[in-house]
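Notes for the one structure printed next.
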Amino acid sequence: MAVKRPVEERTGTFAPEYLPAVIELRNVVKHYGKIKAVDGVSLLVGQGEIFGLLGPNGAGKTTMIRMLITLTRPTAGELYVAGYSVAGRPVEVKRRIGVVPQQNNLERELTGRQNLLLHALLHKIPGPERTRRIEELLAYVGLQARADEQIQRYSGGMARRLLIARAMLHRPPILFMDEPTIGLDPQTRRKIWDLIQLMNREGVTVLLTTHYIEEAESLCHRVGIVDYGRLIALGTPAELKASLGEVCAEFLGSGGTSRRFFPTRAGAKEYAQNRDDDVTVRRTNLEDVFVELTGREARELSSG
Ligand code: ATP
């Protein structure tokens with residue numbers, strides 16, 4: 001199974017090769033009693049991609065990740081990670097994945113370095129290699145100077161960076177990140193984006209969830225929009241925007257903000273000239289796609 005290589009939006013180059021899929025969901029369903037958390041999702045993520053799952057609160061993003069990382073079983077359907085069936089070969093899967101959870105689950109009484117050591121021991125990384133990798137990763141995430149402080153003294157951004165270092169310690173080729181930058185200030189968020197891009201450049205495939213449209217737009221090669229447990233859109237940010245129309249005419253009407261989409265600026269301008277309201281003509285962004293498809297503003301949702 002292969003995935004079409006995504007458009008490199010940051011450089012504008014297009015590499016039309018095909019990538020092998022390293023994450024796969026086949027008709028996956030997960031019910032919690034009457035709640036359909038995931039309602040028939042099929043998805044392929046290619047090797048080397050940064051793939052983002054976007055969606056309102058309760059859409060099913062975390063549940064998808066929890067099934068992929070062996071923490072909960074699907075009600076129906078199949079999941080594969082690194083070519084292994086998650087149900088049939090969970091140990092093989094666990095060996096090949098790193099996980100950055102939504103909640104900080106570091107040992108608060110231990111120092112940053114001790115937390116990494118604990119993880120290295122659990123993964124049976126041999127002695128000298130263990131020390132080398134811990135020091136390398138502390139430097140990588142910029143925490144060498146604070147490595148001997150207890151986690152309870154870390155800021156949110158420092159804890160997130162240590163969680164990333166811990167997830168990478170056993171050198172997994174696939175990384176799952178559930179809202180990696182939630183609650184962080186814009187500067188720290190950008191540092192985490194840099195880290196994700198650096199890891200990705202070294203070949204790591206990343207599946208992340210986010211409420212930040214800007215994060216998905218600037219970081220992810222492809223994005224899936226999830227709503228009510230279903231995948232309602234899938235593509236590169238550019239493809240998703242083009243599906244609406246590259247140019248947006250926006251105006252404040254009596255019923256609130258309205259938007260119309262056009263394939264060209266000329267079309268949008270003509271529309272603007274024929275209206276009495278103040279119309280802003282601008283490029284369509286991923287937030288527009290999200291709002292059109294889910295009927296909700298992403299910003300309202302991230303505070304929910
Ligand atoms: P958020 O953006 O708020 O993190 P999400 O898209 O990650 O949301 P999930 O956490 O996957 O959504 O939840 C999907 C649905 O499944 C929600 O209705 C949630 O209440 C429900 N759910 C999740 N875990 C459980 C559980 N262990 N028991 C019962 N219901 C659950």
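The values are calculated or read from the model by the stated rules, or taken from the named source; none is laboratory data. Owing to the predicted nature of the structure, the values given are computational and were not obtained by experimental measurement. We place every Cβ from the backbone using ideal geometry, glycine too, and count neighbours over all the protein chains shown. All accessible areas refer to the heavy atoms of the entire protein, side chains included, with ligands and DNA or RNA removed. Shrake-Rupley method; radii C 1.70, N 1.55, O 1.52, S 1.80 Å.
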| query | Looking at residue 203, is it more than 16 Å from the ligand (Cβ to nearest atom), of a type in the set (Gly, Ala, Ser) and closer than 30 Å to residue 272 by Cα? | reply | no
| query | From the set of residues in segment 17-37 that are outside any strand (DSSP E or B) and within 16 Å of the ligand (Cβ to nearest atom), which is most open to solvent (accessible area, probe 1.4 Å)? | reply | 34
| message | With the structure loaded, tell me whether residue 167 is more than 14 Å from the chain's Cα centre (by Cα) and either of a type in the set (A, V, I, L, M, F, W, C) or assigned to a strand (DSSP E or B) (or both) or whether it fails that test. | response | yes
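Being open to solvent by 10 Å² or more (accessible area, probe 1.4 Å), within 16 Å of the ligand (Cβ to nearest atom), among the small types (Gly, Ala, Ser) and under 21 Å from the mean Cα position of the chain (by Cα) narrows it down to one of 52, 40, so name that one.
Working: 52 fails: open to solvent by 10 Å² or more (accessible area, probe 1.4 Å).
Selected residue: 40, the only one of 52, 40 that is open to solvent by 10 Å² or more (accessible area, probe 1.4 Å), within 16 Å of the ligand (Cβ to nearest atom), among the small types (Gly, Ala, Ser) and under 21 Å from the mean Cα position of the chain (by Cα).
It is to be established whether one or more residues within segment 278-286 are without any contact (Cβ under 8 Å) to a residue 12 or more places away in the chain, among the aliphatic types (A, V, I, L, M) and open to solvent by 10 Å² or more (accessible area, probe 1.4 Å). Quick ask: steps written out before the conclusion?
First, pick out the residues of segment 278-286 that are without any contact (Cβ under 8 Å) to a residue 12 or more places away in the chain: none.
Looking for residues that are without any contact (Cβ under 8 Å) to a residue 12 or more places away in the chain, among the aliphatic types (A, V, I, L, M) and open to solvent by 10 Å² or more (accessible area, probe 1.4 Å), one finds none in segment 278-286, hence no.
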| request: Hand me the list of strands (runs of 3 or more DSSP E) wholly inside segment 212-304 holding 2 or more residues that are in contact with a Cys (Cβ under 9 Å, 6 or more places away or on another chain). | output: 256-262, 279-283
| Given (1) away from the ligand (no atom under 16 Å from the Cβ); (2) exposed (fewer than 14 other Cβ atoms within 10 Å of the Cβ), where does residue 76 come up short, assuming only one miss? | (1)
| query | When segment 170-189 is examined, which residues are found to be more than 16 Å from the ligand (Cβ to nearest atom) and crowded, with 22+ Cβ neighbours inside 10 Å? | reply | 175
| query | Within segment 217-230, is even one residue surrounded by fewer than 23 Cβ atoms within 10 Å (Cβ to Cβ) and in contact with a Gly (Cβ under 6 Å, 6 or more places away or on another chain)? | reply | yes
| message | Can you pull out every residue in segment 245-271 that is open to solvent by 50 Å² or more (accessible area, probe 1.4 Å) and within 17 Å of residue 287 (Cβ to Cβ)? | response | 246, 252, 257, 260
| Of everything in segment 173-190 that's under 15 Å from residue 50 (Cβ atoms) and part of a loop (DSSP other than H, G, I, E, B), which residue is modelled with the highest pLDDT? | 173
